[in-house]
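S.K.: One structure is given below, represented as structure tokens, and several questions about it will come after.
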Amino acid sequence: EVAARRRVPAPSLEPGSRVPRDTRICPPSSVLPSDRKWGFITVGYRGSCTMGREGQADAKFRRVPRILVCGRISLAKEVFGETLNESRDPDRAPERYTSRFYLKFKHLERAFDMLSECGFHMVACNSSVTASFVNQYTDDKIWSSYTEYVFYRKYRGFF
């Protein structure tokens, strides 16, 4: 088993950033043990946008502030490695579940690529949007959204 594991290179820094770039790719399924971890990982994010009166095209979008990760801790660590921020739930056992981790980067595509490289497939997604007025004297609204994507990796013991 130990000989079948691939050495993972140390992460390098993202250009112009202090966030490590995790360049590893999950090892191919042919070198993994048959009891490879299976399960769900949910990736979510909140977004917001401020809009003026109806019909005006002056919407101001904000960037994605944080990508949240929910699921079994051992799966999240396998997929996201050093780019996973565990500071909000540091002392949980690997087989427990958490909804308190987030990623150190802010690009959804990168998270999706990492999940795909580790054998996960998107099985569901959900989004909600709400609007609230900025104050009672204007028609300006703040639109808030929450979107989550559910990924699953199959159990390979029976197939």
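The values are calculated or read from the model by the stated rules, or taken from the named source; none is laboratory data. For clarity, every value in this text was computed on a predicted model and none was experimentally measured. Ideal geometry is used to build each Cβ from the backbone, glycine not excepted, and the neighbour counts take in all protein chains shown. Ligands, DNA and RNA are excluded from the accessible area calculation, which covers all protein heavy atoms including side chains. Shrake-Rupley method; radii C 1.70, N 1.55, O 1.52, S 1.80 Å.
S.K.: Please go through the range 33-47 and give me each residue that is in a loop (DSSP other than H, G, I, E, B) and either open to solvent by less than 40 Å² (accessible area, probe 1.4 Å) or modelled with pLDDT under 70 (or both), ordered by number. Before you say what the answer is, go through the steps one by one.
M.R.: Within the range 33-47, the subset in a loop (DSSP other than H, G, I, E, B) is 33-38.
Matches in the range 33-47: 33, 34, 35, 36.
S.K.: Answer yes or no: is there a residue in the range 48-60 that is among the polar types (S, T, N, Q), open to solvent by less than 60 Å² (accessible area, probe 1.4 Å), at pLDDT 80 or above and within 30 Å of residue 137 (Cβ to Cβ).
M.R.: Yes, some residue in the range 48-60 is among the polar types (S, T, N, Q), open to solvent by less than 60 Å² (accessible area, probe 1.4 Å), at pLDDT 80 or above and within 30 Å of residue 137 (Cβ to Cβ).
S.K.: Same structure again: Just the residues that are of a type in the set (Asp, Glu) and open to solvent by less than 80 Å² (accessible area, probe 1.4 Å), please, taken from the range 89-116.
M.R.: Answer for the range 89-116, where residues must be of a type in the set (Asp, Glu) and open to solvent by less than 80 Å² (accessible area, probe 1.4 Å): just 89.
S.K.: Pairs, please: C-beta under 8 Å, at least 6 apart or cross-chain, first residue at negative phi and modelled with pLDDT under 90 and in the range 126-150, second among the acidic types (Asp, Glu) and open to solvent by 70 Å² or more (accessible area, probe 1.4 Å)?
M.R.: Matching pairs, first to second residue: 133/139; 139/54.
S.K.: Among the numbered conditions (1) touching a Ser or Thr at 6+ places or on another chain (Cβ under 6 Å); (2) closer than 14 Å to residue 40 by Cβ; (3) surrounded by fewer than 17 Cβ atoms within 10 Å (Cβ to Cβ), tell me where residue 154 comes up short.
M.R.: Checking residue 154 against (1) touching a Ser or Thr at 6+ places or on another chain (Cβ under 6 Å); (2) closer than 14 Å to residue 40 by Cβ; (3) surrounded by fewer than 17 Cβ atoms within 10 Å (Cβ to Cβ), the one that fails is (1).
S.K.: So residue 120 fits all but one of (1) touching a residue at least 12 places away in the same chain (Cβ under 8 Å); (2) within 22 Å of residue 65 (Cβ to Cβ); (3) surrounded by 11 or more Cβ atoms within 10 Å (Cβ to Cβ); what number is the exception?
M.R.: Against the list (1) touching a residue at least 12 places away in the same chain (Cβ under 8 Å); (2) within 22 Å of residue 65 (Cβ to Cβ); (3) surrounded by 11 or more Cβ atoms within 10 Å (Cβ to Cβ), residue 120 comes up short only on (2).
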